[in-house]
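Student: First, the structure itself, so that you have it in front of you.
The values are calculated or read from the model by the stated rules, or taken from the named source; none is laboratory data. What you are looking at is a predicted structure, and each value in this text was computed from that prediction instead of being measured. Reconstructed Cβ throughout: ideal geometry from the backbone, glycine too, with neighbour counts over all protein chains shown. With ligands, DNA and RNA removed, areas are computed over all heavy atoms of the protein, side chains included. Shrake-Rupley method; radii C 1.70, N 1.55, O 1.52, S 1.80 Å.
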Amino acid sequence: MSAGELVALIQGLLQSRNCHKMEVSPENSCCFCLTLRSGTILIGIGNCLLYLSMFTWYLTSSTIDTGGLRDGLDVTSLDISIFSIFFVKTLVNILLLVGAVKRIPSLTLPWLCANAVSMMIAMVFIGITILFGTTKLNLNYNEYVTSLTIMGMVTGINLFCWIVVFTFRNNLIMEAQIERVPSEMEFSAVNNQQSSTLIPNAPPPSYNEIESYKEGKPPPEDSPPEYEEAVSISMLSSECSNDSAKGLVLRKKSLTNNAV
């Protein structure tokens, strides 16, 4: 077995192992009959509609009497806070939609960060309500239970959506890695085959050549022939030239004598 056949055998074994490992595809189910991608798209669309309706209600509702821009007055700190939250939430949900449609995992990261912060704030509010709801916040029993129920449901839904988007992002990264591994293996196999075909069985250099290369010396050249060898070579060449000249003269004489 040559070196090229041995390399091809090892590469075949490695490729078969990697193929067996990559046969396990990532989980892609969200809930019911939806995939993670369709679930992520629905989450982005639902959040955009939710924040748009809440912002419209804030601008047009008559039950809120805080003044500011709604009443044609100067902008207050509450208006700035509402506008900032609406802008950030809408932006991250649009990025989430683009990332889910075009399968770009990096565009889902802002949504994950923004909703992680929102869930942490909601959990802090739940803890404050549990500890100080009936004492410092002056809530009766019905308000206490209702506020805890609403905040718990909202936090649970946000946590479920966050898990869906996080799993979808991890699956996109895993799929990209799975697609990248076979191309790298094919490239290395082509390089190994080219190297094996270019130099199939090249003999190693001798010890003297290695030492001369280390010392920076040029490779050794053949020594010139000795005096006796040079004289014998010149005599042989002169005899060959004389024989060829005699053959030509005999050919001319035979032609003039009409002898073939």
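Student: Label-point separation (nm) for MET123 and LYS136, each offset 7 Å from Cα along Cα-to-Cβ?
Tutor: Taking the simple label geometry, MET123 and LYS136 are separated by 2.0 nm.
Student: Tell me, what is the per residue accessible area of the range 33-184 in Å², probe radius 1.4 Å?
Tutor: 62
Student: Next up: In whole Hz, with x marking every Gly and Pro, tabulate ³J(HN,Hα) for the range 82-90 from phi via Karplus 6.51 cos²θ - 1.76 cosθ + 1.60, θ = phi - 60°.
Tutor: Along the range 82-90, the couplings run 5, 4, 5, 5, 4, 5, 5, 5, 5 Hz.
Student: Just want to confirm a number: the relative contact order over the range 86-169, from Cα pairs under 8 angstrom separated by 6+ residues, in percent.
Tutor: The normalised contact order for the range 86-169 reaches 29 percent.
Student: So, one more: Check THR35: other-chain or 5+ apart residues with amide H under 5 Å from its amide H, H built from backbone geometry?
Tutor: Hits under the 5 Å cutoff: CYS30.
Student: Let me ask something additional. Mind listing the phi-derived Karplus ³J(HN,Hα) values for the range 154-163, rounded to whole Hz, using 6.51, -1.76 and 1.60 with θ = phi - 60°, and x for any glycine or proline?
Tutor: My calculation for the range 154-163 gives 4, 5, x, 5, 5, 5, 4, 5, 5, 5 Hz in order.
Student: Also, I was wondering about something else. Would you mind calculating the relative contact order of the range 84-133 from Cα pairs under 8 angstrom and at least 6 residues apart, reporting the percent as a whole number?
Tutor: 26
Student: For THR134, which sequence-distant residues (separation of 5 or more, or a different chain) have an amide H within less than 5 Å of its own amide H, given hydrogens modelled in the peptide plane?
Tutor: LEU139
Student: By per-residue mean of other Cβ atoms within 10 Å, what is the highest-first order of 137-146, 98-107?
Tutor: The densest-packed peptide leads the list: 98-107, 137-146.
Student: Return the sequence-ordered ³J(HN,Hα) values of the range 75-80 in whole Hz as given by the Karplus equation 6.51 cos²θ - 1.76 cosθ + 1.60 applied to θ = phi - 60°, using x for Gly and Pro.
Tutor: These are the phi-based 3J(HN,Hα) values: 6, 9, 5, 5, 4, 5 Hz.
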